[in-house]
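S.K.: Okay, here's the structure, questions in a sec.
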Amino acid sequence: MRSARFLMFGLLLLAGCDDDPMTSRAPDEPAPPSQGIQAFVQVSNDRAQPGEQVHVWVKVQIGGQTNERLGSYTGRLRYDPSMLRFVSETAIDDGMRVTNPAGAPQGDLRFAGAAPTGFTNLTLYEAVFEVVKPDYLQDLRADMEEVSAAVSLTNLTPTLQVAPRVFLHVEN
């Protein structure tokens, strides 16, 4: 009787498990690094269907043992334009930020920013896209070209890591 209950419990656990990476829900953000800086991409809906709009963010986290503030950055948001269609950018009011959406038809959006005393908002870029195909996450990624510290101007690029997957943005 006892082994039958364990077997039933195990079967229930397996039935509820969703290990397919294309349908599993991603956590809201990666674990922060202990040192250095980490960039990652978040989306408002990781299961959006064709015709729906999604917000996409490129963000950074600075490690707890890093005594620097982000002072400047340049990067790109890359995606497959047959899966996502660029709709608009969202302004971020912190420091000086510039974007170049000219590459949107090719799936290449450039962004950069600078703040002499450091950014308080670690969202580097935000945009809205229309989903063309449901598997749009597979080619969505951030490519960071440069990150530097505020005040000291230390080049943080050697300590930069980019998370290899997309995370789900969860409103608090």
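The values are calculated or read from the model by the stated rules, or taken from the named source; none is laboratory data. The shown structure was predicted, so the numbers you read here are calculated from the model rather than taken from an experiment. Glycine also receives a Cβ, built like all others from the backbone with ideal geometry; neighbour counts cover every protein chain displayed. These area figures cover heavy atoms from the full protein model, side chains too; ligands, DNA and RNA do not enter into them. Shrake-Rupley method; radii C 1.70, N 1.55, O 1.52, S 1.80 Å.
S.K.: So which of Arg97, Arg85, Arg69 ends up being within 22 Å of Ile37 (Cβ to Cβ), surrounded by fewer than 18 Cβ atoms within 10 Å (Cβ to Cβ) and among the basic types (Lys, Arg)?
M.R.: Arg69
S.K.: Can you confirm whether segment 35-58 contains a residue that is outside any strand (DSSP E or B) and over 21 Å from His169 (Cα atoms)?
M.R.: For segment 35-58, residues outside any strand (DSSP E or B) and over 21 Å from His169 (Cα atoms): present.
S.K.: Which one of these does Ala31 not meet: (1) surrounded by fewer than 11 Cβ atoms within 10 Å (Cβ to Cβ); (2) of a type outside the set (Phe, Trp, Tyr); (3) under 14 Å from the mean Cα position of the chain (by Cα); (4) modelled with pLDDT of 95 or more?
M.R.: (4) is the only condition that Ala31 fails.
S.K.: For the list (1) at pLDDT 95 or above; (2) surrounded by fewer than 18 Cβ atoms within 10 Å (Cβ to Cβ), I need the number of the one condition that Phe40 fails.
M.R.: Here Phe40 clears every test but (2).
Okay, residues lined up against (1) over 18 Å from Lys59 (Cα atoms); (2) at pLDDT 95 or above; (3) open to solvent by 60 Å² or more (accessible area, probe 1.4 Å); (4) of a type outside the set (A, V, I, L, M, F, W, C):
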{"site": "Leu122", "(1), (2), (3), (4)": "no, yes, no, no"}
{"site": "Val131", "(1), (2), (3), (4)": "yes, yes, no, no"}
{"site": "Asp135", "(1), (2), (3), (4)": "yes, no, yes, yes"}
{"site": "Gln138", "(1), (2), (3), (4)": "yes, no, yes, yes"}
{"site": "Arg141", "(1), (2), (3), (4)": "no, yes, yes, yes"}
{"site": "Pro164", "(1), (2), (3), (4)": "no, no, yes, yes"}
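S.K.: Check segment 145-158 and report whether any residue there is touching a strand residue (DSSP E or B) at 6+ places or on another chain (Cβ under 9 Å), closer than 22 Å to Asp46 by Cα and buried (at least 16 other Cβ atoms within 10 Å of the Cβ).
M.R.: no
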